[in-house]
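In what follows, a structure is listed as structure tokens, so that the remarks can point back to it.
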Amino acid sequence: MYARRLLPNETYNVRDLGGYPTADGNVTRFGRFIRADMPEKLSEAGIRFLSGYGVNLVIDLRMEFEAEERPSPFRRIPGVRYLLAPFAHDFDILGAPEFDPYYDYIRVLERPNRLTAVMEELARSQGCALFHCSAGKDRTGMVAALLLLLAGTPEPDVAADYEITFTYLKGKYHDDIDILPNSYRSDARFLDPLFARVRESGGAGEFLLRRGVSAGALQALKARLLE
């Protein structure tokens, strides 16, 4: 049985991108794409659940040093292809103490990154693909937002999917939530510059085409999301 939030007792921020409405009256499909935080504490039962859910591709968006420090459990799971694809080629923006999502998401997307490679891999996926970074907020959030926009999900619903991340991560930060900087939060307004850039490009498809994602991959992604 499909659900929006998965494994809440073992992870903070694992969510299916299914169930979102689109502007043309369609709904994104469950069991195709999962966004996640770092699943390092998954139990054997949790791993079996995701395997049974159909997950057979895991794309790790973290940097190499992050993956070495906190290895993904999916590197050792039979039947699951694990791919380390650092979203950004460097960590000087995402890892900076003054990182501000409102300004820096566009900076990250306009610098050399693995967005094209990640989208192409997701387009080729069969079954269910899971992609994650550390908290499942920034790198994962940008990929998830672009997938939903490509499907035709209205911006308010895309923003809501992004914003709920902080609600789920509160359990991780506990008493520190009131003093956390923007880099830890997921306010809906942080996506406004991304939305504006996508609109200026003529839509998510054109935005991704200009960044090297092939037309065939875009068609495959839409089919995976909607058919």
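Treat each spin label as a single point 7 Å out from the Cα along the C-beta direction, and report the Arg124 to Glu40 distance in nm.
If labels sit at Arg124 and Glu40, their model points lie 2.9 nm apart.
Read through the labelled values (1) 23, 22, 18; (2) 39, 26, 11; (3) 29, 18, 16 and report the label of the one computed as semi-axes √(5λ) of the Cα gyration tensor in Å from the structure.
Given (1) 23, 22, 18; (2) 39, 26, 11; (3) 29, 18, 16, the calculated one carries the label (1).
Using the Karplus curve 6.51 cos²θ - 1.76 cosθ + 1.60 with θ = phi - 60°, work out ³J(HN,Hα) for each residue of segment 127-134 in order, rounded to whole Hz, and write x for Gly and Pro.
x, 10, 10, 10, 10, 8, 10, 9
What is the set of long-range amide H partners of Arg81 at a cut-off below 5 Å, with H atoms built 1.01 Å from backbone N?
So Arg81 has HN proximity to Leu57, Val58.
So for Tyr103, Tyr184, fewest C-beta neighbours within 10 Å to most, what's the order? List each step's numbers first, then the result.
Details: Tyr103 13, Tyr184 18.
Taking fewest neighbouring Cβ atoms as first place, the list is Tyr103, Tyr184.
Give me the number: length gained by fully extending Ala215 to Arg75, i.e. 0.36 nm times residue separation minus the C-alpha to C-alpha distance, one decimal in nm. Kindly include the intermediate steps, with their values, before the conclusion.
Details: separation 140, 0.36 × 140 = 50.40 nm, distance 3.06 nm.
Residue separation times 0.36 nm, minus the Cα-Cα distance, leaves 47.3 nm.
Hey, got the dipole for the chain? About the Cα centre, +1 on K and R Cβ, -1 on D and E Cβ, debye to the nearest 20? Spell out each step's value before the answer.
On the way: 29 positive and 32 negative charges, 173 e Å.
The dipole of the chain has a size of about 820 debye.
If each DSSP helix of 4+ residues adds -39,500 (n - 2.57) and the sum is divided by the residues in the chain, what number results at 222 nm, nearest 500 deg cm²/dmol? Write out the running numbers ahead of the final one.
Values: 9 runs with 96 residues, N = 227.
Calculated from helices alone, the mean residue ellipticity at 222 nm is -12500 deg cm²/dmol.
Taking neighbour counts of Cβ atoms within 10 Å as a proxy for exposure, in what order, fewest first, do Lys137, Lys41, Lys222 appear? Spell out each step's value before the answer.
Details: Lys137 24, Lys41 13, Lys222 17.
With the sparsest Cβ surroundings first, the list reads Lys41, Lys222, Lys137.
To one decimal place, what orientation-averaged projected area in nm² is obtained for the convex hull of the Cα set of segment 1-104? Provide the component values of the computation, followed by the final result.
Working: hull surface 34.2 nm².
The Cα convex hull of segment 1-104, projected and averaged over all directions, gives 8.6 nm².
Using +1 at the C-beta of Lys and Arg and -1 at the C-beta of Asp and Glu, which of Gly52, Ala117, Leu150 has the Cα lying farthest in the positive direction of the dipole of segment 15-226?
Result: Gly52.
I need the GluC sites (Glu not before Pro) found in segment 29-103, filtered to DSSP loop residues with at most 15 other beta carbons within 10 Å of theirs. Don't skip to the end; give the middle numbers.
Details: sites: Glu40, Glu44, Glu64, Glu66, Glu68, Glu69, Glu98; in loops: Glu40, Glu98.
When the GluC sites (Glu not before Pro) of segment 29-103 are filtered for loop state and at most 15 Cβ neighbours within 10 Å, Glu40, Glu98 remain.
How high is the relative contact order of the chain, in percent, counting Cα pairs under 8 Å that sit 6 or more residues apart?
On the way: 356 pairs, mean separation 57.7, N = 227.
That works out to 25 percent.
Any read-out appearing in this document is the output of simple, stated calculations on the displayed coordinates, not a laboratory observation. What you see is a predicted model; the values in this text were computed from it and never measured. Note: ideal-geometry Cβ built from the backbone for every residue, glycine included; neighbour counts use all protein chains shown.
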